[in-house]
Structures are given as C-alpha cells and as structure tokens.
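Worksheet for the structure shown next.
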Amino acid sequence: MKFNTTQRAFGQVETAALLIATFEGESEAGLSHLVNTTGGGNLAAQASLEKFSGKIGQTLLHYPSGVAAKRVVLFGLGQRDKLTTAQLRKALVAAFKVVRAQKVNEVTIADVSLAGTKVSAAQYAEIAATVSGLVDYEINHNKTEGVLGYIPRPELEEMRFLSTGKVPSKVRKALSRGRVIAQAVNSARDLSNLPAGELTPDAFVAEARRVADESGGLITMKVWNQADMAILGAGGILAVGKGSDEPCFLIEMVYTPPTGATRDVLTYVGKTVCFDSGGYDLKPADGMRHMKRDMSGGAAVLATLEAIANLQLPISVKAYMAPVENMVSGRAFKPGDRIRMMNGLKVEVDNTDAEGRLTLADMITHARNRADAGQNVYIVDVATLTGAIRQVNSDVAAGLFSNNDAFARRLKAAGERVGEQYEHLTMWPELRDFNKAEMADLKNTGGPAGAGATTAAWFVREFAGEETPWIHLDIASVAFRDREFGVDPKGSTGFAVQTLVELAVDFAKGNAKK
C-alpha cells in the first residue's frame, strides 16, 4: 500500500472516500464546518437523523454533491479529554471497516486537532496507517475469480493523509512505520493461513532466507539440519520430527542494527510446528483441522524480525525457529519414550501431542548457548502451546508467564500500546512438581490435575533458567479465530507481531552499544 501526504482544502480532495474524525460534544460545530467545506448541505440533517454524535465507534457514511470526494465517512473519537491510543484504535477500526465495505482501492484520511488529548499527531498517523492495512487484509487470496460467484474485493492500494497545513516529518515517518508494521502482521497471517502441504519445514526455511536476503545485510542466518542437530544434542526437536517424511531444521537469524551491536539483545523464539497431528496421541479430526497454524509463533517471530530490519531499529535481535512436523509413522516417537534434551535433562514423553514445549526447550537452550559474552539477553518465546489457555482468556487475550516481573510488565505495557492484550498469570511454585517424572527428570505434561497452560510454562522455564529474563507467550487462544474480532480477520491474526516490534522500539530507546 502506498502512503502519501497532501495539503489542500477538504472540498478539493479527489478521493473515493474521505475520512474525517469528530469529537463527541463538538460534532455540531464540526459538522457545520464540514457542510461549508465539502458542499454536503444535508450532512447535519443526516447526522441528526442517524443520531451520530461522535461517540467512539460511531460512523456515518455520506455521499456529498458538488465536491471532489465521492464519499465522506465521519467517525467518532468520543470525548476529547478522554481520547487514548486504545480508543483511537477502536474508532479507526470502525471507520476503515466502512471503507472496506465500500470496496474502494484508495482513501484519504483528514488530519484532526488533537489539542487536549493524550494522543500525538504522530501516534494518530501511525495507528491510522497500521489499522488501514490490517482491516483491509483478505484471507481469500487463493480463490479463483469467477468460480462459484467469487469476485475479489479491491485491495486498498493507497492511503493519503490530508492536512490544511504542512505535514511534519514526524507524521510522515509515523505513516511509514505504520505501513511496515501492518505489512509484517499480514505477512505472519499469510504464513499461518498457508496449507501445511505448501508451508513445509523446507518452505519455511526458504521464507526465512528470503527475509535475510532482502535485509540489505542487516540479518544473518544459519540453519542446522538433522545431522547438525544430532551433534548439538537437540533431542526434543529431533524426536518431534522423527515421524515425518519432511526434514526438520533449526534456524538462527541475527539482526545487527546499522549503528552496531548493542549490549541488550532481544531473543525471540517461535514455535514452528508446520503441522501437528498429535503424533500417536492423535488429535480428533476437529482438533487437527487447524493445525497447519501451529507454526503461528514462528511466523510472528519471522515477520517481527523483518519489520525490525525494515525500521532499522537500534537494538540487537536474535530469532530462533525450528520448523518441524509432528506426524505418525513407524519412526515416530511414542508415549513412554525418553528423550535427552540439548541441556542434558532427560524427558519422559507422557503425551506426543505436547510436542511444542519440546522444541521450545531446545531452542531456548540453543539461544542461551549462542549468547555472546558481555551482552544482556532477554528471551521471549511465542507459541500456540496449549488449548488450556482458552479456558483462562477465551479468545481475547494471550497468556503471559515469566521468571522476571519487571520484564513481564514491560512486555505487557508494549502490548497495551499496540492493542494486544495479555494476561500475566502467576506461576504457582506448587505446580512445578506436576512435571516430575518416574523414568526421567521431567515429563512433558503436567498430568490430569488442570492448570495445563501453567504446567507447560513451568516445563519451558526449566530450560530458560532463572537468571536470564524470560517470557513465555501462549498465543493459542488468539493466534486464529473463527470470527472477526476488532482489527483481526477471521482466521490467522498475526498476533504478537505488533507487541514484539513495540518491545524492540522500547529497548532501542537509549540502548548502549556493545
């Protein structure tokens, strides 16, 4: 999508849709102004008839006459002194859904005075750019035009930012940031929506290589194959991949900013199970249907790294993904098997459908082993790990577990700033013992006593340790939905990309070089 800025009067704007924000309680004056400048003489009457007052989430679609804009979409921002970025995001989602329903390929959004609010002009521009790209996302990009009556909706190809004065450089940069972030989220959505027969572990490696190749040298990449992982002792990853005809891999991607490596290093670890049958603890058909999306954590991490490189954020970032399939065959690992993990711990396989934590454990061990001396490592793993997390958060928030409360608060705050919700859950120490095994150091489930999301987090924590700040994000509740929700479409959401980018932005502020 292209983003442009322009400076002219409202009535002179040639556009398929002109979006204009208005505050609650100020709508009468605002509407009178619009009547005079857009030529829409019946706009005030229409607003009165439709009881449009400028409340958050309210929209009004108007077809003016005698002006260049074909449509005017008013959208409410609520009361001026109560506007926050969260409220602004909600308002913009409503506005761009009206635009989407109109099936237009370009739109113009007007600047608005934000005096007396908690929102800056740059925030307004960035959120508008991000929301425009996210709301426009279409899952049906593999449908055939004309078959069974399918007619593709035009993509939103251009958004212009309209101002009656000169557009500041901060606003222009914010528009560009919003576009990059929206593209990253949509990239993660696309990957997660792909069929498992197309997005094999090999294909995921190829996509990661594309990201590295297109980074202009900012991202380096190393891939370990199965023979390499055997030398590393990655017993967890190898066990999960044993039953598949597709080879499995371990990917390391390292982003170094143009200004040089930094002392703090964000390390993102993504669960990348390209298909999960459950193994010999086979999933039922309904439970297996969406398991092409069990790599959503890896997709989020890969898309995040691409966005960070495009934004050239001054913070060192490493990413680890282990693309693998969990399948059933004569070679597949079995319940009761014992696995030696990369860190030397032995794990009894209590359930082959608890495979994701085995891959995360080896990736986190590898990330810690690969850390450079003198750097402060912060680890965030992202995984569609447990169905149990839905019992806590339904489909409105992800689960957050951590060994470091300060780091957890920092990530949760980053999520709040971009509209992604996390529930920080207590890791009760009594639940740690649920992972103890009879035949090994640990078993890969917490048993039938409940708290499945927390016992899974405790399993992963054993490999993260206590000294390295670590966060586990269980996104199984939000990575994909069977309904449209806020800015997210039905299907894959690309959840966590915005949070991980925002966390990198936060770390980049004042970060010291190595």
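The values are calculated or read from the model by the stated rules, or taken from the named source; none is laboratory data. These numbers were taken from a predicted model, which means no experiment stands behind them. Here the Cβ positions follow ideal geometry from the backbone for every residue, glycine too, while neighbour counts run over all protein chains shown.
Couple of notes before you dig in:
- Taking strands (runs of 3 or more DSSP E) as the structural unit, those lying wholly within the range 286-372 and holding at least 1 residues that are crowded, with 22+ Cβ neighbours inside 10 Å and acidic (Asp, Glu) correspond to 324-326.
- Of residues in the range 255-285 being aliphatic (A, V, I, L, M) and within 21 Å of residue 383 (Cβ to Cβ), the one surrounded by the fewest Cβ atoms within 10 Å (Cβ to Cβ): 282
- If you go through the range 127-142 and keep only what is touching a strand residue (DSSP E or B) at 6+ places or on another chain (Cβ under 8 Å) and loosely packed, with under 14 Cβ neighbours inside 10 Å, you end up with just 139.
- Only one of 276, 264, 281 that is within 24 Å of residue 456 (Cβ to Cβ), charged (D, E, K, R), touching a strand residue (DSSP E or B) at 6+ places or on another chain (Cβ under 8 Å) and touching a residue at least 40 places away in the same chain (Cβ under 8 Å): 276
- Any hit, the range 475-496, residues being in contact with a Gly (Cβ under 7 Å, 6 or more places away or on another chain) and surrounded by fewer than 21 Cβ atoms within 10 Å (Cβ to Cβ): no
- Checking each residue in the range 143-156 for being assigned to a loop (DSSP other than H, G, I, E, B) and either exposed (fewer than 10 other Cβ atoms within 10 Å of the Cβ) or touching a Cys at 6+ places or on another chain (Cβ under 7 Å) (or both) picks out 144, 145, 146, 151.
- Looking only at the range 450-474, and only at residues there that are of a type in the set (D, E, K, R) and either within 16 Å of residue 433 (Cα to Cα) or free of Cβ contacts under 8 Å to residues at least 40 places away in the same chain (or both), the one that is surrounded by the most Cβ atoms within 10 Å (Cβ to Cβ): 461
- Unmet requirement for residue 255, which otherwise passes all of (1) under 30 Å from residue 340 (Cβ atoms); (2) assigned by TED's automatic domain parsing to the domain that holds residue 298: (1)
- Of the residues 231, 237, the single one that is without any contact (Cβ under 8 Å) to a residue 24 or more places away in the chain and more than 23 Å from the chain's Cα centre (by Cα) is 231.
- Whichever residue in the range 394-453 is of a type in the set (Asp, Glu) and out of contact with any Ser or Thr (no Cβ under 8 Å at 6 or more places or on another chain) and, among such residues, is farthest from residue 182 (Cα to Cα): 438
- Filter result (in contact with a Leu (Cβ under 9 Å, 6 or more places away or on another chain) and either among the aliphatic types (A, V, I, L, M) or under 19 Å from residue 228 (Cα atoms) (or both)) within the range 255-277: 266, 269, 272
- With respect to the conditions (1) within 23 Å of residue 127 (Cβ to Cβ); (2) charged (D, E, K, R); (3) crowded, with 17+ Cβ neighbours inside 10 Å, residue 509 lacks only one, and its number is (3).
- Filtered by the rule that a residue be surrounded by fewer than 18 Cβ atoms within 10 Å (Cβ to Cβ), polar (S, T, N, Q) and either in contact with a helix residue (DSSP H, G or I) (Cβ under 9 Å, 6 or more places away or on another chain) or closer than 24 Å to residue 165 by Cβ (or both), the range 93-126 gives 113, 120.
- Of all the criteria given as (1) over 21 Å from residue 104 (Cβ atoms); (2) surrounded by fewer than 21 Cβ atoms within 10 Å (Cβ to Cβ); (3) among the β-branched types (Val, Ile, Thr); (4) in contact with a helix residue (DSSP H, G or I) (Cβ under 7 Å, 6 or more places away or on another chain), the one not satisfied by residue 181 is (2).
- The residues in the range 123-142 that are in a loop (DSSP other than H, G, I, E, B) and touching a residue at least 12 places away in the same chain (Cβ under 8 Å) can be counted, and the count is 6.
- Residue selected from the range 194-216 under the condition surrounded by 16 or more Cβ atoms within 10 Å (Cβ to Cβ) and outside any helix (DSSP H, G or I), by the criterion nearest to the chain's Cα centre (by Cα): 194
- Tabulated pairs, the range 427-449, first under 20 Å from residue 402 (Cβ atoms), second part of a loop (DSSP other than H, G, I, E, B), C-beta under 6 angstrom, 6+ apart or interchain: 431/451; 434/446; 434/447; 435/446
- Residue within the range 63-77 that is assigned to a loop (DSSP other than H, G, I, E, B), modelled with pLDDT under 80 and among the hydroxyl-bearing types (Ser, Thr, Tyr) present: yes
- Candidate set: the range 45-62, residues that are among the aliphatic types (A, V, I, L, M) and assigned to a strand (DSSP E or B); chosen: the one surrounded by the fewest Cβ atoms within 10 Å (Cβ to Cβ): 61
- When the range 373-397 is filtered for residues that are surrounded by fewer than 24 Cβ atoms within 10 Å (Cβ to Cβ) and among the aliphatic types (A, V, I, L, M), the ones remaining, listed by number, are 373, 377, 388, 392, 396, 397.
- Test: residue in the range 177-193 that is at pLDDT 95 or above and not in a helix (DSSP H, G or I): no
- Candidates 318, 334, 346, filtered to the one that is under 27 Å from residue 184 (Cβ atoms) and either of a type in the set (Lys, Arg) or without any contact (Cβ under 8 Å) to a residue 60 or more places away in the chain (or both): 318
- Per the conditions (1) among the β-branched types (Val, Ile, Thr); (2) surrounded by fewer than 16 Cβ atoms within 10 Å (Cβ to Cβ); (3) closer than 30 Å to residue 136 by Cα, the sole criterion not satisfied by residue 219 is (2).
- All of (1) of a type outside the set (Ser, Thr, Tyr); (2) at pLDDT 95 or above; (3) over 14 Å from residue 358 (Cα atoms) hold for residue 463 with one exception: (3).
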